[in-house]
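Trainee: The following block contains the structure, expressed as structure tokens.
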Amino acid sequence: MEMVTVKYDNKIVRNFAVATMVWGAVGMLVGLIIALEMFEPAFNARLQFLTFGRMRPLHTNAVIFAFVGNGIFMGLYYSLQRLCKARMLSDLLSTIHFWGWQAIIVCAAITLPLGFTTGKEYAELEWPIDLAITVIWVVFAVNVIGTIIRRREKHMYVAIWFYLATIVTVAVLHIVNSIELPVSFLKSYPVYAGVQDALVQWWYGHNAVAFFLTTPYLGLMYYFLPKAANRPVYSYRLSIIHFWSLIFLYIWAGPHHLLYTALPDWAQSLGTAFSIMLLAPSWGGAINGLLTVRGAWDKVREDAVLKFMVVAVTAYGMATFEGPLLSLKNVNAISHYTDWTISHVHIGALGWNGFLTFGILYWLVPKMWNTTLYSKKLANLHFWIGTLGIVVYASALYWAGITQSLMWKQFTQFGVLQYPNFLETVVQILPFYMIRALGGLLYLVGVHIMIYNLIRTARQGKLVCDEEVQVPSHWEDGQPVKQNRHRWIEKRPIQFALVATVVVLIGGLVELVPTFLVKTNIPTIASVKPYTPLELQGRDIYVREGCYTCHSQMVRPFRSETERYGEYSKAGEFVYDHPFQWGSKRTGPDLHRIGGKYPNLWHFMHMEDPRSVSPGSIMPVYSWLYTQEIDTSIVGSKIRAMQSLGVPYPKEYDRQAVADMRAQAAGIAADLQKQNAPADPDKEIIAVIAYLQRLGTDIAVHR
């Protein structure tokens, strides 16, 4: 057979490896900062750019898209070239992809602390950045698919299946969830509202976990774990079942994030049913990975790379067992809105994504720099410190979550809430928050040990920029030793990608189409009216400050919640909410029925110094709301955008909106001034108070 020389591009792998380490350290440092803010408000530093509400989206985006994203690209660019026996399609596309992705991360790191956010978890970036993500993802897709098409290996290995599924599904998720109507350069409203927005958001949010944090990492597992163990994958047939059942079932499970909410029951039930079924393929993949290491356990004891990878796969198995468990309604009734969910998420992020990334880095760097690892002892130290960090972090939040839920639901023998003051439940778990911060610190220390170790490793070798290998000039047309029907599609990347797309889209269409087309799914309520211009402005400030990261706006139909907050939430109450604000975690109380519960003065004092009215509160101060003026320059544009989205403001109301805003602000300010509060009707605090006083008042409620 004629052989040709191929030069694998290791420079692009190096670039993504360096970015993975840098952004990993940055993202985890931000995580440590917000962990400290959770039990000591002073760490917010009274700076609007450093509050928990603004830093938390920065942390999640940095870890998911910067650390894990660069880790995906690092492993994919290395493995794909070798699996295809071909250099990447275009060095230029690789370079554009790398620098474009880093530019997007920098834009996120600037805009999120500045308060430019869509308010949708894991999709907070505003519309210009969303467009940039789309462009760079297309560049990445062309480069990968082009490389697969021109490959010199006829059979597409299982890792490539997961890469293709990731590319097509992430594209669909991002585009559908990010459809928004721009109001200004860095302000937009999602086209969906209320229940529909919630369903689309968690269809995206859950499957961002599935197809950004899971499927590409499974592809990396199928390549790097056998390489590190020097053993073949345990079962080819199991990998086929694992792949197709996983991508089909995962897309249905999003509604399990919305159990007991105003989402239609049929959608909630679908989410639960498919989440339970998802246990089988998830554990199939974990078992396939762990059994690949069978016979190499002696090596695991000595090799830090295998230690990281084995624990990563174990964490994947644990997280994917717990996910279906949390989708059961009786369990979800305890876990949702508590720190239990945060612990669950971090088992996957720190254990599965983090440890597999570390194992790949420890394996890759010595190979690409043609040397040996600088210190095996430091690598093993990193492993044990990181493992201890995960255990400390997760166990603290499990206890915190269970404590929260039990306290929220506890009634006395006389049938009244034992802890009617929500703050009592917060103070009780502060020690767990301190322990969580310690776990995060340990994990971060381990990351810095790794960075030092790998820098020293690189310095003692030299990067092989263009790794030369001899490969066949083309594949042979002979039949494989073991032929089956699946082999046909394994040779055809375009057909494979199309079939995978169809399989993925089935679940999404079944859930989304009825919710948008069947009017009876979202019944309207005649008394629900659009927000006034001042309330709309206050809502935008509420979103800007990230209040949804600590407060929910969804009273569930539990006695414990209706006793504490008031009437349970109805789907028709959210029809004008762009975006929805149901939240996913309660560090503070639910706010859906907060309107009219307290006088204007209470809110005025609470936002300026939460501890003045709620001793022991961990909420940041919002002093800048008292000095920053309400931006009236785009009020008309906001009203017109809302009208375009179907909000029934009167015709040409945009011309009257500013005057109405000022009139309502003057009324609130006058009420405050009567009580000697230094209220200025032009300041943002007035808009926030107007919004809070509106919440939950559109329908008659019984207090």
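Derivation of every value follows stated rules applied to the coordinates shown; laboratory data play no part. Everything quoted here is computed from the prediction, not taken from an experiment. Positions of Cβ are generated from backbone atoms using ideal geometry, with glycine treated the same way; all protein chains shown enter the neighbour counts.
Trainee: Which of the lysines could a cross-linker bridge to Lys491, judged by Cα under 24 Å and excluding same-chain residues fewer than eight apart?
Mentor: List returned: Lys7, Lys85, Lys154, Lys227, Lys482.
Trainee: A further question follows. Spin-label point model (7 Å from Cα, Cβ direction): what's the Tyr598 to Lys7 distance in nm?
Mentor: Reported label-point gap for Tyr598 and Lys7 is 6.6 nm.
Trainee: Let me ask something additional. Below 8 Å, C-alpha to C-alpha, sequence gap of six or more: please give me the relative contact order for the range 533-694 in percent.
Mentor: Values: 209 pairs, mean separation 53.3, N = 162.
Across the range 533-694, relative contact order equals 33 percent.
Trainee: Hey, another quick one. Which value in Å does the Kirkwood hydrodynamic radius of the range 533-694 take, with 1/r averaged over all unlike C-alpha pairs and then inverted? Display every interim value, and only then the final one.
Mentor: Working: mean 1/r = 0.0599 Å⁻¹.
Taking every pair of different Cα atoms in the range 533-694, averaging 1/r and inverting gives 16.7 Å.
Trainee: Using Cα centres only, tell me the gap between the range 384-463 and the range 148-170 in whole Å.
Mentor: The distance from the Cα centre of the range 384-463 to that of the range 148-170 comes to 37 Å.
Trainee: Give me the percent of Cα-Cα pairs in the range 373-479 that sit more than 20 Å apart, rounded to a whole number.
Mentor: Working: 3694 of 5671 pairs.
Of all Cα-Cα pairs in the range 373-479, 65 percent lie more than 20 Å apart.
Trainee: Student exercise: in the range 533-694, how many lysine pairs 8 or more apart or on different chains have Cα atoms under 30 Å apart?
Mentor: So the count of such lysine pairs works out to 14.
Trainee: For Leu186 and Arg456 in the same chain, what is the full-extension length gain: residue separation times 0.36 nm, less their Cα-Cα distance, in nm? Write out the running numbers ahead of the final one.
Mentor: Values: separation 270, 0.36 × 270 = 97.20 nm, distance 4.23 nm.
That pair, Leu186 and Arg456, stretches by 93.0 nm at full extension.
Trainee: So how tilted is helix 215-229 from the main axis of the chain? Cα-based, degrees 0 to 90, rounded to 10.
Mentor: The angle comes out at about 40 degrees.
Trainee: Given the DSSP H assignment, sum -39500 (n - 2.57) over each helix run of at least 4 residues in the chain and divide by its residue total; what's the result at 222 nm in deg cm²/dmol, nearest 500?
Mentor: Computed mean residue ellipticity for the chain: -19500 deg cm²/dmol.
Trainee: May I pose another question? Could you work out how much longer the chain between Asn370 and Ala333 gets when fully extended? Use 0.36 nm per residue separation minus the Cα distance between them, nm to one decimal. Write down the numbers at each step before the final one.
Mentor: Values: separation 37, 0.36 × 37 = 13.32 nm, distance 5.35 nm.
So the extension gain works out to 8.0 nm.
Trainee: Assuming 0.36 nm per residue, please report the length gained on full extension of the stretch Tyr234 to Leu47 beyond their Cα-Cα distance.
Mentor: Details: separation 187, 0.36 × 187 = 67.32 nm, distance 5.34 nm.
Fully extending the segment from Tyr234 to Leu47 adds 62.0 nm.
Trainee: Ok, one more. Can you tell me which lysines have their Cα less than 19 Å from the Cα of Lys377? Leave out same-chain residues fewer than eight positions away.
Mentor: Once the sequence-local lysines are set aside, what remains near Lys377 is Lys299, Lys307, Lys367.
Trainee: Next up: Packing-wise, with mean Cβ within 10 Å as the measure, how do 667-675, 381-389, 242-250 rank, highest first?
Mentor: Details: 667-675: 16.1, 381-389: 20.1, 242-250: 22.3.
Output ranking for 667-675, 381-389, 242-250: 242-250, 381-389, 667-675.
Trainee: Using alpha-carbon positions, what is the distance between the centroids of the range 180-248 and the range 555-619, in Å?
Mentor: The range 180-248 and the range 555-619 have Cα centres spaced 32 Å from each other.
Trainee: First obtain the Kirkwood hydrodynamic radius of the range 142-225 from its Cα pairs, then insert it into the Stokes-Einstein equation at 20 °C and 1.002 mPa s, and state the resulting D in µm² per second as a whole number.
Mentor: This corresponds to a translational diffusion coefficient of 144 µm²/s.
Trainee: Return the distance in nm (one decimal) between the two label points of a simple spin-label model at Trp384 and Ile110, each offset 7 Å from Cα along Cα→Cβ.
Mentor: 4.5
Trainee: Then there's this: Karplus couplings for the range 426-431 from phi (6.51 cos²θ - 1.76 cosθ + 1.60, θ = phi - 60°), rounded to Hz, Gly and Pro as x?
Mentor: Coupling constants for the range 426-431: 6, 4, 5, 9, 4, x Hz.
Trainee: Let me ask you something else. Output the 0 to 90 degree angle, nearest 10, between the alpha-carbon long axis of helix 533-544 and the longest principal axis computed from the alpha carbons of the chain.
Mentor: So the inclination is approximately 40 degrees.
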